[in-house]
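Worksheet for the structure shown next.
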Amino acid sequence: MASFDRVHSEARLSGPAPDRRSYGSFVSFSDPDGNGWLLQEITRRLPGRVAGDTTYASVGDLAEALRCAEAAHGEHEKRTGERDTNWPDWYAAFTVAEQAGEELPL
């Protein structure tokens, strides 16, 4: 992949990144005081880039996180060969670790 100069606007293409990947689109401008600004679109953070409280932008995002946890928990129960009665704690640990980009529980 080619390296691009993200600071100098003449080195960037106009418009959003064609694949709309996270961290792929930028906008730059100068304010009235002459300060240069460069903003980067982030739609999904890279692993390890979220610290602190776990939050979700919408009900749909939380529902998707729970669906992902459900699927992973099913695999967890297959590996252990038994029903996990402590599934709420497992789901909580999974969703927090996933959003923070940390190692997921097995």
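Tabulated data
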item: Protection proxy ranking, peptides 37-43, 94-100, average beta carbon neighbours within 10 Å, highest first; result: 94-100, 37-43
item: Per-residue ³J(HN,Hα) for region 13-18, Karplus 6.51 cos²θ - 1.76 cosθ + 1.60, θ = phi - 60°, Hz, x for Gly and Pro; result: 8, 6, x, x, 4, x
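Each value in this text was obtained by applying a stated rule to the coordinates, not by laboratory testing. Since we're looking at a predicted model, the values are computed, not measured. Virtual Cβ from ideal backbone geometry, glycine too; neighbours counted across all protein chains shown.
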